[in-house]
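Please see the structure below; I have some questions.
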Amino acid sequence: MKKKKITSTDIARAAGVSQSTVSMILNKKYNVSFSKDTIEKVEKAAKDLGYVPPRRKTRKGSKKEKLLVVFCSNLTNPYYVMLLQGIESRAKEQGFGLFVCNTQRDLKMEERYLKMMWELKPLGIIYTCNPSHCFMDLVQELSQKIPVAIINNQNEKMDVDAVELDNSKLGRIMARHLLELGHRKVAYIAPPLTARQKQRSKRVEGFLKEYEKVGMKDQVVIKAAKEEIDLDIANIDSEYKIGYDLTRELLQEEKNITAIVGLNDMIAFGILDALHEAKIKVPSEMSVMGCDNTLFARMHKVDLTTIEHFVIFKGRDACDIIMKKIASHHTPYSEIEPISTYHVEYEPKLIIRGTTSYAKEPRKRGIKNKN
């Protein structure tokens, strides 16, 4: 004989309460307050009667969320926010959600996120910078199962899809602009130039090569932050402080410099504030350049000369690459899944604004002219 199914009505009768009270207590949805005695009475009656909660029904045809994962090294620099803006705008158009992994340049955190990918199984992964060298093999292994696109430095050789950036070309463009304006003694301020952050070094190397061509490499002062800075969790003003602090040091150590370059716009903003504090006029006494053409660089009071390399477009392109890979996976050609590697690159453009001008005789700051 089939055992009778116990219902909330049966429990209500046994506990001497209403069916709605039983329903709310068993489902932990207390719209009103119940006494401890009432809750215990209902739970005891359910146990004594052998009540089995019904299984939750899942909607037929419900689909798993279409998810893309984005790896960022930090979210304090507007550059990465612009990349995310480009990725998200395209993902939204295609009905995808984003899961952002902010590694903060921490190797353990990056490894932890990468290992999560096997269980999370996103439909695609986008790296907004080069993966750390020790995880290159893991990223390439993931790319065999999940489409991976990297917004990387062109000089890195990886067998994955990439939206590339020739960082050395950015450095060369910056140097040529200053040379054309007659700047001979210049400084370049950068975050730590470590092996892990090769894209930074490439930008500096490109700058130095242009000055080397005209025999003035020794006139370029490179000031890079200490490596320990990358070990700390980035604050909203971390790169700004690099520009500000190193400019203050530079003004104490070097004379006759007529231009200072920041590796990116955030560093350039710090340079500008340090010069303002030192009462050095920009650009009449000191020219300043940044790179990335972030929103703040375009504001009238800043008016920063910088390099545009179409950051938002790169985010959209990285997303497009993932979409193409997903589409090709579901529509095999002659029963064979096509294998392709995409590489996209934008030509950077110099944006001349109000912080650079022709070099003038530098202020001597107490040093007499011997002529």
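Filtering the stretch 140-162 down to residues that are under 18 Å from the mean Cα position of the chain (by Cα) and modelled with pLDDT of 90 or more, which residue is surrounded by the fewest Cβ atoms within 10 Å (Cβ to Cβ)?
Checked the stretch 140-162; the qualifying residue surrounded by the fewest Cβ atoms within 10 Å (Cβ to Cβ) is Ile150.
Please enumerate the residues belonging to the stretch 250-304 that are out of contact with any Pro (no Cβ under 8 Å at 6 or more places or on another chain), assigned to a helix (DSSP H, G or I), surrounded by 13 or more Cβ atoms within 10 Å (Cβ to Cβ) and at pLDDT 95 or above.
Leu250, Leu251, Ala268, Phe269, Gly270, Ile271, Leu272, Asp273, Ala274, Leu275
Same structure, new question: Which pairs have Cβ atoms under 7 Å, sit 6 or more apart or on different chains, and link a residue in the stretch 244-257 that is of a type in the set (Phe, Trp, Tyr) to one that is surrounded by fewer than 17 Cβ atoms within 10 Å (Cβ to Cβ) and at pLDDT below 95?
If the second residue must be surrounded by fewer than 17 Cβ atoms within 10 Å (Cβ to Cβ) and at pLDDT below 95, no pairs are left.
I need the strands (runs of 3 or more DSSP E) fully contained in the stretch 141-225, keeping only those with at least 2 residues that are farther than 25 Å from Lys241 by Cβ, touching a Leu at 6+ places or on another chain (Cβ under 7 Å) and not assigned by TED's automatic domain parsing to the domain that holds Ala259.
148-153
Give me the residue from the stretch 197-249 that is touching a Ser or Thr at 6+ places or on another chain (Cβ under 6 Å) and among the charged types (D, E, K, R) and, out of that set, surrounded by the most Cβ atoms within 10 Å (Cβ to Cβ).
Only one residue tops the list, namely Lys202.
Report, ordered by the first and then the second residue, all pairs with beta carbons closer than 9 Å, sequence separation of six or more or different chains, a first member in the stretch 210-239 that is touching a residue at least 60 places away in the same chain (Cβ under 8 Å), and a second member that is hydroxyl-bearing (Ser, Thr, Tyr) and surrounded by 18 or more Cβ atoms within 10 Å (Cβ to Cβ).
Once the first residue is touching a residue at least 60 places away in the same chain (Cβ under 8 Å) and sits in the stretch 210-239, its partners that are hydroxyl-bearing (Ser, Thr, Tyr) and surrounded by 18 or more Cβ atoms within 10 Å (Cβ to Cβ) give Ala234/Ser73; Ala234/Thr76; Asn235/Thr76; Ile236/Thr76; Asp237/Thr76; Asp237/Tyr244; Ser238/Thr76; Glu239/Thr76.
The values are calculated or read from the model by the stated rules, or taken from the named source; none is laboratory data. None of the values given here were measured: they were computed from a predicted structure. Every residue, glycine as well, gets a Cβ built from its backbone with ideal geometry; the counts of neighbours run over all protein chains shown.
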